[in-house]
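J.: Got a structure here, written out as structure tokens. Questions coming.
Bear in mind that the values in this text are calculations on the coordinates, not laboratory data. Keep in mind it's a predicted model, so treat the numbers as computed, not measured. Here Cβ is always computed from backbone atoms with ideal geometry, including for glycine, and neighbour counts include all displayed protein chains.
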2 protein chains.
Amino acid sequence: MTHILAKYLVDARYEDLPANVRKEGVRTLMNWVGVAVGGSREDPVKRSIAALRPFSGPPQASLLGRTERFDIMNAAFINGVSSHIFDYDDTHLKTIIHPAGPVASAILAFSEYHPVSGKDFLNALVLGVETECRIGNAVYPNHYDVGWHITGTCGVFGSAAAIGKLLGLSEQRMVWALGLAASQPVGLRESFGSMNKSFNPGRAATNGIFAALLAAQDYTSSDGMIEAKRGWANTISTKQDYREITEGLGQRYESLLNTYKPFACGIVIHPAIDAAIQLRNQYHLTPDMIARVDLRVHPLVIELTGKKTPQIGLEGKFSIYHSVAVALIDGAAGEKQYSDQAVRDPRTVALREKVTATIDPAIQPQQVDMTITLKDGRKLHKFIEHAIGSQEVPMTDQQLETKFEGLTDGILSQAATRVLMDRCWQVESLPSAAAIAQAAVPQG
Amino acid sequence: MTHILAKYLVDARYEDLPANVRKEGVRTLMNWVGVAVGGSREDPVKRSIAALRPFSGPPQASLLGRTERFDIMNAAFINGVSSHIFDYDDTHLKTIIHPAGPVASAILAFSEYHPVSGKDFLNALVLGVETECRIGNAVYPNHYDVGWHITGTCGVFGSAAAIGKLLGLSEQRMVWALGLAASQPVGLRESFGSMNKSFNPGRAATNGIFAALLAAQDYTSSDGMIEAKRGWANTISTKQDYREITEGLGQRYESLLNTYKPFACGIVIHPAIDAAIQLRNQYHLTPDMIARVDLRVHPLVIELTGKKTPQIGLEGKFSIYHSVAVALIDGAAGEKQYSDQAVRDPRTVALREKVTATIDPAIQPQQVDMTITLKDGRKLHKFIEHAIGSQEVPMTDQQLETKFEGLTDGILSQAATRVLMDRCWQVESLPSAAAIAQAAVPQG
């Protein structure tokens, strides 16, 4: 398996990518750059910078949204952290992997060190996403269920594959890069709700670069590290479906299944937020009209986001109660609705206490069934089959731009934001992908 | 559990260490420095240097046995690799963890960046070893059996704990350091036989430093990352015995169970080598006197080391026949006896063909029964109950020095070797532990 995948990665060219795959790759990049800039003023980024500055190598690569420069591995880490802080990045719904974080962080930093054309950049991004998502498919859901943060454990393969591609590794060296990547999984679900969650895609990016750089110098690994008896899949999961890794390489693309979040929280809450906003807008609801809100949800929703009384903004993202409350009050669930202030707002607290969520095994994870009982006795009902931002109801390019502008607001000027968005949309025509990172640095 | 362990680590002082624990800590250090210098000219070290040099931070820390300097995290990685290349480092037999690699690599590099007294250094070493071995006990053997390289997965906790101690972290920050460590396990058994094996203790050292540095800047993790439902132990093992982590902290020390290899090969051949050297020395044997050598061994010995005609040095380590032959000829089985040249030496080849090994289920893995038949008809017999280097028959300090000298031969002068060994023995009186690293750098 490892060899088949490595051979594909070595041979795959930009010219082979179908137009829809290229387009989705560009959208993936666009969405990721926005969230990475958006997170750049947050504590996890500041603390990472303070911790790592004394040890960084040459100032090879930019931090998105900031003026400091670090060596490519530390820059990739910090950008990876930044892009996941708001939990607002892209999602491969089949595995709940956030694909861009580990891969884009790695290749964007690398492209400032080593010349990479926009076309090669996009190819590496698509191949990295392909690698991590296919490996994720092979072990999901068992691997995730037991406790691994699949973005970090699979993401390291994506980073190694993409950097290995940009380094032009031979098949054997690509096998070693994947083997060294297999040796460095990152992240446990227990850390959700702390800064450790955004640590994971960042560290996966670094580890993948580290693996590929060593392999490029003939630092060896074993040949079947993904599939062998004592290899990654057998060690880290009770399910191994290797066809997911090798079947249809170059024919079906996991990149096409990538989605972007309209709301700044875990995807399992999106149907409930979507329902709340739709009912709010349709019936012009205000909090004082609402007697109670009843949700029927998939069990995972309560497991992941069952926090009843969040105390800080980050905890709010793991609270379906808070999320429904702000959606009903503001008609939105962006970063502003998940500030520390927002979770302590008395109006929000009062409304979230009226929200009840009941597990219903008949409800799929992407669905919700919401009933709002008004004080006047009316019952309003909304069943969401697929939320906005899902594959079935994707965000439009325009919606991605609006999201992007909201994230860069206060960090980049409107003019700079326009330039940065244009470079993302036009990545394929850039002589050097480093132009994207450069445009993400605030001027003056 | 994580909090109990963190509190212990924060409170534990050098002055609390019993004399025998201090002594074993010094022996652990001594053995580790020797193997780290010994590996410093091997390909995995050279290739790591080539790969990482363009990205290293300031030249903060030495590479043992070399003149290059790297930032502390890259230096810790490379020294950790170097110390495990020969598979000649220390072993905590209860878990098969090689304890020093992840911990000593980290704290020695750190001590060149941040002032650390010899006493604090030794305390951190003991605490790091305690942390990784106790966590290892909690999940061994299931965790190892499924495929994890336990030195890398538990070693990261040892490194984080030791660096956290040297940074003077509060209990809360130590909890976060352990949590970020839990997020970065390293190593799969599938990689054994490749350079990836020595990668693992090195990367564990780096990851532990990374975790502690971030925690020191209030980069948070969750509070129960070792024991919580989706935490490390439940995710990574089917066995969790948390008493191993928390019972008798500061009373019983896993450090006391550490052992050192007298011979540069897998531990299952050690009884046979011990028997051969004892008979050789007792009867002043030379190869021309020997008609045949008959061994009765546990089945595992043949399974693991049954290679009859090794062609390269590394294969010699998996040949009980070669090992017995060199032991009879040289009275030793160090790295020199496992060179490519050594396995092709005609005298060795001739003698190894006279060695026969027979499986005897009555023989334990740690035992051997050897009969040497001389050409004059005499039969010499030796039964080994516990080989030299076991916990029951530990290597003497003098034997550790002989091993050390063999490893540094050709890298450091005899005078420099003496200075380095003395600094190790006298670590507790050093004003700065950095003096050890400095003495391990070749002069001129």
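J.: Roughly how big is the stretch B:52-169's charge dipole about its Cα centre, with Cβ charges of +1 (Lys, Arg) and -1 (Asp, Glu), in debye to the nearest 20?
T.: Once rounded to the nearest 20, the dipole reads 180 debye.
J.: Taking the Cβ of residue A:139 as the centre, find all other residues whose Cβ is under 15 Å away and add up their charges (Lys, Arg: +1; Asp, Glu: -1).
T.: -1
J.: Using a Gaussian network model on chain A with a 10 Å cutoff between Cα atoms, which of A:357, A:51, A:211 fluctuates the most?
T.: With Cα springs under 10 Å in chain A, the top fluctuation among A:357, A:51, A:211 is at A:51.
J.: At R0 = 60 Å, how high is the FRET efficiency between residue A:392 and residue B:114 if r is their beta carbon distance? Nearest 0.05 is fine.
T.: In this case the efficiency is close to 0.65.
J.: May I pose another question? At a threshold of 8 angstrom on Cα-Cα distance, excluding pairs fewer than six apart, so keeping six or more, what relative contact order does the stretch A:318-444 reach in percent?
T.: RCO, the stretch A:318-444: 13 percent.
J.: Can you tell which of B:19, B:106, B:264 shows the greatest fluctuation in a Gaussian network model of chain B with Cα springs below 10 Å?
T.: Per the Cα network of chain B with a 10 Å cutoff, B:19 tops the list.
J.: Also, I was wondering about something else. For B:41-54, what's the mean count of beta carbons from other chains sitting within 10 Å of each residue's beta carbon?
T.: 4
J.: When chain B is treated as a GNM, springs tying every alpha-carbon pair under 10 Å, which of B:282, B:240, B:337 comes out with the largest mean-square fluctuation?
T.: B:282
J.: Placing +1 at every Lys and Arg Cβ and -1 at every Asp and Glu Cβ, with all other atoms neutral, what dipole size does chain B have around its Cα centre, in debye to the nearest 20?
T.: Using Cβ point charges on Lys, Arg, Asp and Glu, chain B gives about 700 debye.
J.: Then there is this: Would you mind ranking B:259, A:402 so that the residue whose beta carbon has the fewest other beta carbons within 10 Å leads the list?
T.: Lowest to highest Cβ neighbour count: A:402, B:259.
J.: In addition: Considering only DSSP beta bridges with both partners in the protein assembly as shown, what is the antiparallel share in %, to the nearest 5?
T.: 75
J.: Considering only DSSP beta bridges where both residues belong to chain A, give the percentage that are antiparallel (nearest 5).
T.: Counting only bridges with both partners in chain A, antiparallel ones make up about 75 percent.
J.: What is the magnitude of the charge dipole of the stretch B:267-384 about its Cα centre, with +1 placed on the Cβ of each Lys and Arg, -1 on the Cβ of each Asp and Glu, and no other charges, expressed in debye to the nearest 20?
T.: It works out to roughly 240 debye.
J.: Can you tally the lysine pairs in the stretch A:296-444 where the Cα-Cα distance is under 13 Å and the two residues are eight or more apart, or on different chains?
T.: Count of close lysine pairs: 6.
J.: Starting from 0.36 nm per residue, how many nanometres of slack lie between residue B:409 and residue B:7 once their C-alpha separation is accounted for?
T.: That works out to 140.4 nm of additional length.
J.: Another question, if that's okay. Among the aspartates and glutamates, which have Cα under 12 Å from the Cα of residue B:239 when same-chain residues fewer than 8 positions away are ignored?
T.: Within reach: B:145, B:227.
J.: How well do other chains shield peptide A:219-231, expressed as the mean number of their Cβ atoms within 10 Å of each residue Cβ?
T.: 6
J.: Please report the relative contact order for the stretch A:259-338, taking Cα pairs under 8 Å with a sequence separation of at least 6, and give it as a percent rounded to a whole number.
T.: So the answer I get is 41 percent.
J.: If each residue of separation counts as 0.36 nm, what is the full-extension length gain between residue B:68 and residue B:360 once their alpha-carbon separation is subtracted?
T.: 100.1 nm
J.: Taking neighbour counts of Cβ atoms within 10 Å as a proxy for exposure, in what order, fewest first, do A:336, A:354 appear?
T.: A:336, A:354
J.: Pairs of lysine in the stretch B:1-133 with Cα under 30 Å and at least 8 positions apart or on different chains: total?
T.: For the stretch B:1-133, qualifying lysine pairs total 6.
J.: For peptide B:173-183, how many partner chain Cβ atoms fall within 10 Å of a residue's Cβ, on average?
T.: Rounded to a whole number, the mean comes out at 3.
J.: Identify, among B:346, B:333, B:361, the residue whose Cα sits farthest towards the positive end of the charge dipole of the stretch B:267-384, taking +1 on the Cβ of Lys and Arg and -1 on the Cβ of Asp and Glu, with the dipole about the Cα centre.
T.: My answer, from the dipole projection, is B:346.
J.: Further, regarding this structure: Which one of B:396, B:420, B:384 is farthest out on the positive end of the charge dipole of the stretch B:380-441, using unit charges on Cβ (Lys, Arg +1; Asp, Glu -1) and the Cα centre as origin?
T.: Comparing the listed Cα positions along the dipole, B:420 ranks first.
J.: First select every other residue whose beta carbon is under 12 angstrom from the beta carbon of residue A:206; then total the charges, Lys and Arg +1, Asp and Glu -1.
T.: Result for the neighbourhood of residue A:206: +1.
J.: Sticking with this one: Per DSSP helix of 4 or more residues, -39500 (n - 2.57); summed, then divided by the residues of the protein assembly as shown. What does that give at 222 nm, rounded to the nearest 500?
T.: The helix-only estimate for the protein assembly as shown comes to -15500 deg cm²/dmol at 222 nm.
J.: Here is a further query. Within the stretch B:227-267, list the trypsin sites (Lys or Arg not before Pro) lying in a DSSP loop whose Cβ has at most 11 other Cβ atoms in a 10 Å radius.
T.: Of the trypsin sites (Lys or Arg not before Pro), the ones in loops of the stretch B:227-267 whose Cβ has at most 11 other Cβ atoms within 10 Å are B:229.
J.: For a quick check: sort A:33, B:349 by the number of other beta carbons within 10 angstrom, fewest at the front.
T.: Least crowded to most crowded, the residues run B:349, A:33.
J.: Mean separation of Cα pairs under 8 Å and 6+ residues apart, divided by the residue count of chain B: what relative contact order is that in percent?
T.: 20
J.: Taking amide H positions as placed in the peptide plane 1.01 Å from N, state which residues far from residue B:188 in sequence (5 or more) or on other chains have amide H under 5 Å from it.
T.: Sorted by chain and number, the residues that satisfy this are B:149.
J.: Trypsin sites (Lys or Arg not before Pro), restricted to the stretch A:1-49: which are DSSP loop and have at most 13 other Cβ atoms within 10 Å?
T.: Sparse-neighbourhood loop trypsin sites (Lys or Arg not before Pro): A:13.
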